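This report refers to the structure that appears directly beneath it.
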Amino acid sequence: MDNAVIIQNLRWDNIYLKAALKGDREGMAFAIADKKNGKVYPVDWFDPETGELTFNITNVGGAKMLTNGVWYLKCRADGGEWVPVPISMEVGYCLKDMDKVYRYAGTCYACVFTFVPVSDGDHMIFEMTFTYMARNDNIRKRQFKVEAPGFKKRFIKKLIYFLENVINVIYQIVSHITPKNGTRVLLMSESRCPINGNLKAIDDRIRQRGLDKERLKLSYWFVKTLEDDSDLKILWVWLRLAFLTARQDVILMDDYSTFFNNVKVHPKTTLVQVWHAGVGFKAVGYARFGKKGTPNPWRCCYRQIDYAIVGGEFLREVYAEVFGIDRERCLPYGLPRLDNYLDARRVAVFRRDFYDKNPDWQGRRIILFAPTFRGPSQRTAYYPYDRLDWDKIYDFCGDEYLFVIKQHPFILTPPEIDPQYAGRIIDFSDYPDINELFYVTDILITDYSSNIYEFSLHRKPMLFYAFDKEEYELMRGLHRTLDRHAPGKVCRTTEELLEAIRTGDFEMERLYRFVRENFDNTEGLASDKVIDNIILHD
């Protein structure tokens, strides 16, 4: 249903949360609803003079407090389905100031309210997380001492805490009895499988130089732990990983690793982050601290990083912020996967082989649609494909263009492409390496993704489809705004995208400026710099 009302102001008045509504509320009912079990508590207190809906946090019904969990303010019309009440953009920007702490029992306990803007697919709404917290002066235990309703939940939390400590103890024992002789190197990722990108480039270069036979013993770990929703299964995987990591001298990892949230790395082991991205617009890591899904301030793998490999001098500040480490630890070596990336022979061989396998694509101009995901984490990643007008895209393509979709690796649900669009709109998400696809791409359409980094080297047109520009900035956060820094034209609708292609309005001067700012390290191979300066210490 299209909501007849919208929240245009949200405020606290002691124990009352007040929402000022705009719109026709005739025949509408309101309630506070639990996200987990869908339980609904009606909210009947409405002030007709101020237009404010009010509920008492100390009594949602039956003289009961809110329980731990995530809550929504919902409405329904004439006995229909309960749906979240949307908020205005102004309320979205003010939610960061709504968080509230109520202390009780001296200062031993507290109720904590936090607010975040989210999307329900059609509107911006807000989630309110309510948590009972117990004071604990032990920093290690503080993260786990969260009151939970019921014995079972408390028992599971304590069990997981115990098992995580067991894994750490196993790691410490094995790591301290294993001599560190500088020969063992582990390449790993808990989110990307199989090996690719920067890790593959370094691995290939080690083998090209024969170091795997002469000086180094290589190990590999590529398991998508972050996709598993069972804590006990993850702990079993980590138990095996503990034995492997404990024996290493150097660990090269890509992306976030929850394993190192719980294990303290041996002081003689060097942990290196070879982040898969160059630079994009979406905020990641500590750059979005305080938003949903952000890293823990104490127990986070980023805190243990010895070095992070970044594309150039310009990006050192960006990734010092992302990883929460000193700028000096962000080494501007360039990205290993870009070593010889634009080699003419390499490009020619790929194009020949590609069109041999896809002969029907020969002579067609390829529009590659490669947006980033929506959602706070890998497990909840999605993309709202209903924001694309498939009919208009199909008609526009004609016999000249192909509209090729390359989903973000986190998105597991493919787009539903009607068979009538076959031959012009193609899902190519299973192709493993997007950087290779850039060799045959004529126009890239993306949004906040870091794929702009590699594609910009081709000096080919880019368009940015940012239908949710304000919502994304509120919910995810951006390093830099699209309007000022995007290396191409920013569009809000399918019609704008197609018109820009039709007229050649790509704003190419923005692309050339982006390349000048971001590529300052062109001497030598980045892979060799990592190998010589970090792995071999030569």
Worksheet item: Using modelled amide H (1.01 Å from N, peptide plane; none on Pro or chain starts), what sits under 5 Å from the amide H of THR270, excluding residues fewer than 5 places away?
Response: VAL250, ILE251
Worksheet item: Gap in Å between the Cα centre of the range 249-267 and the Cα centre of the range 471-531?
Response: 31 Å
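Which length gain, in nm to one decimal place, applies between ASP395 and ARG11 when the Cα-Cα distance is subtracted from 0.36 nm times their residue separation? Could you put the intermediate results ahead of the total?
Working: separation 384, 0.36 × 384 = 138.24 nm, distance 4.84 nm.
Length gained, ASP395 through ARG11: 133.4 nm.
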Discussion item. Considering only protein heavy atoms and a probe of 1.4 Å, how much of the accessible area of the chain is carbon and sulfur, as a whole percent?
Written reply: 51 percent
Practice prompt. Sum up the charges of everything whose Cβ sits under 13 Å from the Cβ of LYS268, counting Lys and Arg as +1 and Asp and Glu as -1, but leave LYS268 out.
Written response: +2
Worksheet item: Got a number for the accessible area of HIS479? Probe 1.4 Å, square angstrom, nearest 10.
Response: 50 Å²
Practice prompt. Given the peptides 172-184, 397-409, arrange them by the average over their residues of other C-beta atoms within 10 Å, most packed first.
Written response: 397-409, 172-184
Practice prompt. Can you pull the one-decimal nm distance between simple spin-label points at ARG327 and ARG76, each 7 Å off the Cα toward Cβ?
Written response: 5.6 nm
Practice prompt. Tell me which residues come under 5 Å, amide H to amide H, from PHE369 once H is placed; ignore anything under 5 positions away on its chain.
Written response: VAL404, ILE405, LYS406, ILE445
Worksheet, complete the sentence: Given a 1.4 Å probe, the accessible area of the range 162-211 per residue, as a whole number of Å², is 43 Å²
Worksheet entry | Packing rank of 185-195, 466-476, where each peptide gets the mean count of other beta carbons within 10 Å, highest leading | 185-195, 466-476
Worksheet item: What list of ³J(HN,Hα) couplings, whole Hz, do you get for the range 31-48 from phi and the Karplus terms 6.51, -1.76, 1.60, once you set θ to phi - 60° and write x for glycine and proline?
Response: 7, 9, 10, 7, 5, 5, 10, x, 5, 10, 10, x, 10, 10, 7, 10, 9, x
Discussion item. Run the numbers for MET89 and GLU517: contour at 0.36 nm per residue of separation, minus the present Cα-Cα distance, in nm.
Written reply: 150.8 nm
Discussion item. Among DSSP bridges having both ends in the chain, what percentage is antiparallel? Round to the nearest 5.
Written reply: 60 percent
Discussion item. In whole Hz and in residue order, list the ³J(HN,Hα) couplings for the range 424-430 that follow from phi through the Karplus curve 6.51 cos²θ - 1.76 cosθ + 1.60, θ = phi - 60°; x for Gly and Pro.
Written reply: 10, 10, 10, 8, 10, 5, 6
Discussion item. Considering only C-alpha atoms, what is the centroid distance from the range 387-428 to the range 162-188, in Å?
Written reply: 47 Å
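Can you give me the accessible area per residue for the range 61-110, using a 1.4 Å probe, in Å²?
On the way: 2770 Å² over 50 residues.
Normalised by residue count, the accessible surface of the range 61-110 is 55 Å².
Before I look further, what does the range 458-515 give for accessible area per residue, probe 1.4 Å, in whole square angstrom? Display every interim value, and only then the final one.
Values: 2410 Å² over 58 residues.
Solvent-accessible surface per residue comes out at 41 Å².
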Discussion item. Given an 8 Å cut-off on Cα distances and at least 6 residues of separation, report the relative contact order of the range 161-259 as a percent.
Written reply: 50 percent
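ASP433 to LYS22: FRET efficiency via 1/(1 + (r/R0)^6), r the Cβ-Cβ distance, R0 51 Å, to the nearest 0.05? Display every interim value, and only then the final one.
Details: r = 49 Å, r/R0 = 0.96.
About 0.55, to the nearest 0.05.
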Worksheet item: What list of ³J(HN,Hα) couplings, whole Hz, do you get for the range 216-225 from phi and the Karplus terms 6.51, -1.76, 1.60, once you set θ to phi - 60° and write x for glycine and proline?
Response: 10, 10, 8, 10, 9, 8, 10, 10, 7, 4
Discussion item. From Cα pairs below 8 angstrom and at least 6 apart in sequence, can you work out the relative contact order of the chain, rounded to a whole percent?
Written reply: 11 percent
Response to the item:
Expected unfolding gain across MET65-LEU159 under the 0.36 nm per residue rule, minus the alpha-carbon gap, is 31.1 nm
Worksheet, complete the sentence: Amide H contacts under 5 Å for TYR333, restricted to residues at least 5 apart in sequence or on another chain and with H modeled in the peptide plane, are VAL310
Worksheet item: Which of the peptides 487-498, 17-28 is most tightly packed, and how do the rest follow, going by the mean number of other Cβ atoms within 10 Å of each residue?
Response: 487-498, 17-28
Worksheet, complete the sentence: Computed on Cα atoms, the radius of gyration and Dmax of the range 215-328 in angstrom are 14.6, 44
Discussion item. Can you compute the helix-only [θ] at 222 nm over the chain? Use -39500 (n - 2.57) per DSSP H run of at least 4 residues, normalise by all residues, nearest 500 deg cm²/dmol.
Written reply: -7500 deg cm²/dmol
Worksheet item: Where in the range 176-191 does the label zone of TRP236 land, with the point 7 angstrom along Cα→C-beta and an amide N cut-off under 20 Å?
Response: 190-191
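So what is the relative contact order for the range 223-351, in percent, with contacts set as C-alpha pairs under 8 Å and at least six apart?
19 percent
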Discussion item. With the cut-off at 32 Å, tell me which of the pairs LYS74/LYS224; LYS22/LYS96; LYS96/LYS268; LYS180/LYS224; LYS39/LYS233 have Cα atoms farther apart than that.
Written reply: LYS74/LYS224; LYS96/LYS268
Worksheet item: At a probe size of 1.4 Å, how large is the accessible area of LEU216, to the nearest 10 Å²?
Response: 10 Å²
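The values are calculated or read from the model by the stated rules, or taken from the named source; none is laboratory data. The shown structure was predicted, so the numbers you read here are calculated from the model rather than taken from an experiment. So basically every Cβ, Gly included, is an ideal-geometry build from the backbone, and we count neighbours across all protein chains shown. Surface accessibility is based on the protein's heavy atoms, side chains included, excluding ligands, DNA and RNA. Shrake-Rupley method; radii C 1.70, N 1.55, O 1.52, S 1.80 Å.
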